[in-house]
Amino acid sequence: MEPLISFIITYHNEPEEYLQACLESIMALRLTADEAEILLVDDGSDVPPTFAGRAGIEYYRQEQAGLSVARNTGIKHSKGQYLQFVDADDYLFPSVYEAVLERIRAEQPDIVMFRMTENPIYKPSAEPIRVKVKFPVKGAPPKGSRGGGYFLQHRNLRAAAWGYAFRREILGDLRFYPGILHEDELFTPQLFLRAETLLELDAKVYFYRQHDGTITHSDSLLMVHKRLDDISFIIRELRTLGKPLLERRIRQLTLDYLQKTWTLTHSLRELRRRARELKKEGFLPLPIRCYSPRYFLASLLV
């Protein structure tokens with residue numbers, strides 16, 4: 001029997017108490033064994049987690065190859081109608097995630113989006129969860145345009161791959177690009193282009209844990225330049241797709257790239273060098289648009 005949803009957990013040397021909280025949050029959901037599967041993909045940890053042999057968990061271990069490859073391994077072995085990525089150091093709020101499952105059962109959208117929180121003492125509200133955005137809506141998207149493409153044109157995207165559950169059949173041959181950081185920024189816009197129907201729930205469903213062990217907290221010069229070079233690569237890759245619906249996202253990523261260059265290096269020389277490259281390739285100047293107050297002001301300055 002095909003499960004309703006597959007939870008793909010990627011793991012690499014995270015503290016076991018984090019992984020335990022992650023697994024327990026999923027197991028607390030009102031799902032039968034036939035409705036859900038949990039896949040734990042170990043990306044070459046020093047020591048396999050003690051949960052590797054736990055009943056109800058499918059465990060896959062691979063040589064360390066990075067988050068993209070680990071997620072692709074999870075996709076390869078998953079059988080659910082829907083997929084949900086969860087990082088091993090994060091967890092779901094079960095009482096709130098039930099609303100995601102309810103929408104999946106009732107409406108079967110291609111993508112269900114939700115919000116996250118970094119607050120470790122956050123207590124989910126008992127108030128009914130409303131649908132913040134629904135695509136397609138009456139009169140939109142235009143004829144011949146997919147709901148996901150319409151969203152990318154008119155809304156700001158949160159690209160984190162754990163920020164939504166999606167129907168696996170819209171994936172096609174799309175997979176995470178191996179060997180890069182910020183891989184979600186390349187994967188998620190392409191996935192949205194394939195989606196006909198989307199729902200966005202106005203609810204904090206996912207706990208995102210900030211701690212020193214994450215890549216984004218590394219201040220090594222090598223890692224800083226790796227992050228910047230990979231964002232630069234992603235911007236260029238998205239443009240090579242030749243999809244006008246991605247223009248808004250490309251412009252916002254370009255701004256993020258410039259801001260990260262300054263905040264990570266504090267080097268005016270480095271900022272100028274990378275800005276010159278962008279201008280030479282036609283990414284700058286940024287068009288003045290009201291995508292957000294931050295983008296509008298920055299586009300005037302840039």
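The values are calculated or read from the model by the stated rules, or taken from the named source; none is laboratory data. Bear in mind that the values here come from a model prediction, so they are computed numbers and not experimental data. Please note: Cβ atoms are built from the backbone with ideal geometry, for glycine as well, and neighbour counts cover all protein chains shown.
When we screen Gly80, Gly66 for residues that are modelled with pLDDT of 95 or more, surrounded by 15 or more Cβ atoms within 10 Å (Cβ to Cβ) and farther than 23 Å from Phe114 by Cβ, the only hit is Gly66.
A count restricted to the stretch 100-119 and to residues that are out of contact with any Phe, Trp or Tyr (no Cβ under 8 Å at 6 or more places or on another chain), assigned to a helix (DSSP H, G or I) and touching a residue at least 12 places away in the same chain (Cβ under 8 Å) stands at 4.
Kindly indicate the residue of the stretch 67-84 that is basic (Lys, Arg) and in contact (Cβ under 8 Å) with a residue 24 or more places away in the chain and also farthest from Val41 (Cα to Cα) among those meeting that condition. Among residues in the stretch 67-84 that are basic (Lys, Arg) and in contact (Cβ under 8 Å) with a residue 24 or more places away in the chain, the one farthest from Val41 (Cα to Cα) is Lys79. For the stretch 1-14, enumerate the residues that are modelled with pLDDT of 95 or more and surrounded by fewer than 17 Cβ atoms within 10 Å (Cβ to Cβ). If the condition is that a residue be modelled with pLDDT of 95 or more and surrounded by fewer than 17 Cβ atoms within 10 Å (Cβ to Cβ), then Asn13 is the only one that fits.
Taking helices (runs of 4 or more DSSP H) as the structural unit, no element lying wholly within the stretch 184-292 holds at least 3 residues that are within 30 Å of Arg167 (Cβ to Cβ), among the acidic types (Asp, Glu) and not assigned by TED's automatic domain parsing to the domain that holds Arg167.
The rows are residues; the columns are (1) over 22 Å from the mean Cα position of the chain (by Cα); (2) of a type in the set (Val, Ile, Thr); (3) surrounded by 20 or more Cβ atoms within 10 Å (Cβ to Cβ); (4) modelled with pLDDT under 95.
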residue: Thr32; (1), (2), (3), (4): yes, yes, no, yes
residue: Glu35; (1), (2), (3), (4): yes, no, no, no
residue: Leu39; (1), (2), (3), (4): no, no, yes, no
residue: Tyr60; (1), (2), (3), (4): no, no, no, no
residue: Ile75; (1), (2), (3), (4): no, yes, no, no
residue: Phe85; (1), (2), (3), (4): no, no, yes, no
residue: Tyr97; (1), (2), (3), (4): no, no, yes, no
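Screening Leu300, Leu286, Leu253 for residues that are under 21 Å from Leu193 (Cβ atoms) and in contact (Cβ under 8 Å) with a residue 12 or more places away in the chain leaves exactly one candidate, Leu253.
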